[in-house]
Amino acid sequence: MSTRVKVPDYTASERQSVFHQSVADEKLYGGAAGGGKTAAIVAEAKTITLEFPGIPVNLFRRTIPELKATIIPEINKQAGEYIRAGHMVWHGQDRKFTLSNGSTLILNYLDNDNDIYRYQGTEMPVIAVDELTQFPQSWIEYLKTRNRTSNPDWPVMFIAGTNPGGIGH
């Protein structure tokens, strides 16, 4: 397991460890269903929130039901210890987890063309997209224009996981 990943309720597979050890600004974890892509993305996002106090990490799925079915349960699974200790709090109405160091995991969705404008003017130093090929390329290109920060202490990263196929393939 990568020594960089600091999530107690997560053990990386060999492929996930390769993903975590990459120092690239853009990282893609691809493969068939059941390969641990969502778990790897959540672990990467959570590690970033621990390494960089105050950083907002934006996680995207196509719909709110997909966030509820995949991302939220995976965060709860991996962060159970932090949640029970009060170091991570869920704010349901805002769809975000706030960590005691001021970092946030913000859960977003893009279900139609107009949804991308919800993020206009937003700085997103870290963007994590689960099931990348479910999104049209133009939406991802727009999100990447938001992938920036004015804080010199924070990284700018785009991470994603995907199955083969889909509209963005």
### Query
At what distance in nm do the modelled label points of Y117 and A24 sit from each other, each positioned 7 Å from its Cα along Cα→Cβ?
3.4 nm
## Note on the structure
Output row, site H91, 7 Å Cα→C-beta label point, backbone N cut-off 20 Å, window region 101-144, residues 101-110, 118-128
### Query
For region 8-65, rounded, prolate or oblate, judged on the Cα gyration tensor with a ≥ b ≥ c (square roots of eigenvalues), a/c < 1.5 rounded, else prolate if a/b > b/c?
oblate
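For the chain, what does the accessible surface come to per residue with a 1.4 Å probe? Please give it in Å².
Values: 7980 Å² over 169 residues.
On a per-residue basis, 47 Å².
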### Query
Once you treat every alpha carbon in the chain as an equal point and sum by Debye, what is log10 I(q)/I(0) at q = 0.09, 0.11 Å⁻¹?
-0.27, -0.40
### Task
Place the peptides 111-117, 151-157 in order of packing, highest mean first, counting for every residue the other Cβ atoms within 10 Å and averaging per peptide.
151-157, 111-117
### Query
What's log10 of I(q)/I(0) for region 17-110 at q = 0.13 Å⁻¹, Debye sum over Cα points only, no solvent?
-0.43
### Long-range HN-HN contacts of F135 with modeled amide H, under 5 Å
G168
### Task
Give the carbon-plus-sulfur fraction of the accessible surface of the chain in %, rounded to a whole number; probe 1.4 Å, heavy atoms of protein chains only.
52 percent
### Query
So what's Rg/Rh here for region 104-169, counting alpha carbon atoms and using the Kirkwood radius for Rh?
0.97
### Summary
Amide H neighbours of V126 at under 5 Å, excluding residues fewer than 5 places away on the same chain, with H built from the backbone geometry, are N58, M157
### Hydrodynamic radius of region 65-131 per Kirkwood, over alpha carbon pairs, in Å
13.2 Å
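The values are calculated or read from the model by the stated rules, or taken from the named source; none is laboratory data. This structure is a prediction, so every number in the text was calculated from the model and none was measured. Positions of Cβ are generated from backbone atoms using ideal geometry, with glycine treated the same way; all protein chains shown enter the neighbour counts. The accessibility values were calculated without ligands, DNA or RNA, using every heavy atom of the protein model including side chains. Shrake-Rupley method; radii C 1.70, N 1.55, O 1.52, S 1.80 Å.
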